[in-house]
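Written below as structure tokens is the structure these notes are about.
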Amino acid sequence: YMGPADIQFAGATPKIQKVDIDSTVFCALDVEGKLWVWGLSNDFSKQPVSVRGVYQDCAAGHLFIAAINTDGAAFTIGKWGSSHAVCPSPMSVEGSKPLKIVSACGTTIIVVDRDGFAYSAGDSLTCGHGRATAVMTRVAGLPSVSCVSVGSRHAAAIACDGGLWVWGDGISGNLGIGRRVREMLVPSLNPFFAERKLVVTSVGCTRGQPRPKRLESAPFRAGQEGPRLHVVTEDGRLWISGTSHMEGSAAFCKFLIISGTSQIAEQTHWINLLMDTSTLRGLTFSSCMELCIFSLKGMQFFYPS
């Protein structure tokens with residue numbers, strides 16, 4: 001654990017509204033709609049560089065950045081599928097409706113149009129089609145959604161009625177359906193929140209392995225984390241399901257409600273991330289194992305060692 005660190009931008013530091021990371025690629029969107037990208041691969045500078053155009057959303061995948069401009073068009077930068085470009089390359093998406101939301105992890109990209117319909121391409125675990133595909137097509141069976149999140153082994157979306165839909169590899173309990181399931185490759189309504197009539201307002205899927213390594217010498221005896229699902233409900237409560245290192249690599253298959261700072265630190269071995277759950281309105285979990293941003297009164301950045 002390295003603690004918080006400042007990102008060095010050229011010129012005046014912009015006011016950032018969103019940031020995302022996957023493995024070695026980073027992206028950030030400032031309040032003026034300027035997209036900043038950087039990373040450790042050969043296609044990216046090691047310091048943030050602005051990309052031409054004005055954007056409304058962005059996401060990081062393995063060796064690429066996906067972004068949507070204010071006209072609703074989608075682009076990729078870096079290496080994704082057959083596209084390999086250091087400048088924004090247009091992404092072909094089924095249909096012609098303007099897009100508004102993008103999420104990515106690994107080789108999967110999911111976009112949402114202004115009517116709330118989701119389109120995706122990528123690996124079989126997370127694209128939601130039941131099979132791997134390189135063509136951005138509509139995710140069948142998924143209703144109109146207001147939010148989507150892709151992790152390395154699972155994905156989730158919030159329907160416009162506040163219901164939570166999940167799919168992917170849930171062997172670590174990270175789908176929150178009350179049992180472990182190896183492959184649930186098409187979207188399914190999560191029963192936990194539906195049965196309790198809880199409205200979901202934010203969701204984040206983390207990156208991780210189904211059987212993460214335990215590093216005894218690592219800070220907080222954490223090591224590599226497994227996949228988890230993090231949910232915020234309308235009443236401001238945070239819920240987590242997936243792999244915990246509190247007792248080794250055991251997984252919990254049902255949602256645990258987190259109501260205080262001490263429980264956050266104990267369950268997930270994060271430090272100083274959540275100050276007051278009563279102020280929690282939303283969250284953004286990148287696909288990286290440890291980096292999280294909580295939308296509280298401000299933003300905090302935490303980097304993995």
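Within segment 95-111, the only residue that satisfies the criterion of being open to solvent by 10 Å² or more (accessible area, probe 1.4 Å) and touching a Cys at 6+ places or on another chain (Cβ under 8 Å) is 101. Of the residues in segment 31-44, none is crowded, with 20+ Cβ neighbours inside 10 Å, among the aliphatic types (A, V, I, L, M) and under 14 Å from the mean Cα position of the chain (by Cα). Listed by first and then second residue, the pairs linking a residue in segment 131-154 that is free of Cβ contacts under 8 Å to residues at least 60 places away in the same chain and of a type in the set (Gly, Ala, Ser) to a residue that is in a strand (DSSP E or B) and open to solvent by 40 Å² or more (accessible area, probe 1.4 Å), with Cβ atoms under 6 Å apart and 6 or more places separating them unless they lie on different chains, are 141/186. Screening segment 112-122 for residues that are touching a Lys or Arg at 6+ places or on another chain (Cβ under 7 Å) and assigned to a loop (DSSP other than H, G, I, E, B) and picking the one that is surrounded by the most Cβ atoms within 10 Å (Cβ to Cβ) gives 117. Take the conditions (1) over 14 Å from residue 231 (Cβ atoms); (2) outside any loop (DSSP other than H, G, I, E, B); (3) open to solvent by less than 60 Å² (accessible area, probe 1.4 Å); (4) hydrophobic (A, V, I, L, M, F, W, C); residue 125 misses just one of them, which is (2). Residue 23 satisfies every condition listed in (1) surrounded by 14 or more Cβ atoms within 10 Å (Cβ to Cβ); (2) over 18 Å from the mean Cα position of the chain (by Cα); (3) among the hydroxyl-bearing types (Ser, Thr, Tyr) except (2).
Total residues in segment 69-112 satisfying the condition of being within 15 Å of residue 58 (Cα to Cα) and acidic (Asp, Glu): the figure is 1.
Restricting attention to segment 45-57, which residues are open to solvent by less than 40 Å² (accessible area, probe 1.4 Å) and either more than 17 Å from residue 114 (Cβ to Cβ) or in contact with a His (Cβ under 9 Å, 6 or more places away or on another chain) (or both)?
To start, the set of residues in segment 45-57 that are open to solvent by less than 40 Å² (accessible area, probe 1.4 Å) comprises 48, 51, 55, 57.
Within segment 45-57, 48, 51 qualify.
If the condition is being open to solvent by 50 Å² or more (accessible area, probe 1.4 Å) and part of a loop (DSSP other than H, G, I, E, B), then segment 8-20 contributes 8, 10, 11, 12, 13, 15. Residue count for segment 139-151, restricted to those that are buried (at least 16 other Cβ atoms within 10 Å of the Cβ) and within 13 Å of residue 94 (Cβ to Cβ): 1. Kindly indicate the residue of segment 59-75 that is not in a strand (DSSP E or B) and not charged (D, E, K, R) and also nearest to the chain's Cα centre (by Cα) among those meeting that condition. Among those that are not in a strand (DSSP E or B) and not charged (D, E, K, R), it is 62. For beta carbons closer than 7 Å, sequence separation of 6+ or different chains, a first residue in segment 177-201 that is surrounded by fewer than 16 Cβ atoms within 10 Å (Cβ to Cβ) and at pLDDT 90 or above and a second that is polar (S, T, N, Q) and not in a loop (DSSP other than H, G, I, E, B), the qualifying pairs are 199/233.
Residues satisfying the criterion are absent from segment 76-89 (criterion: in a loop (DSSP other than H, G, I, E, B) and open to solvent by less than 40 Å² (accessible area, probe 1.4 Å)).
The values are calculated or read from the model by the stated rules, or taken from the named source; none is laboratory data. This is a predicted model, so every value here is computed, not measured. Cβ sites come from the backbone with ideal geometry, for glycine too, and all protein chains shown count toward neighbours. What goes into the accessible areas is simple: the full protein's heavy atoms, side chains included, and nothing from ligands, DNA or RNA. Shrake-Rupley method; radii C 1.70, N 1.55, O 1.52, S 1.80 Å.
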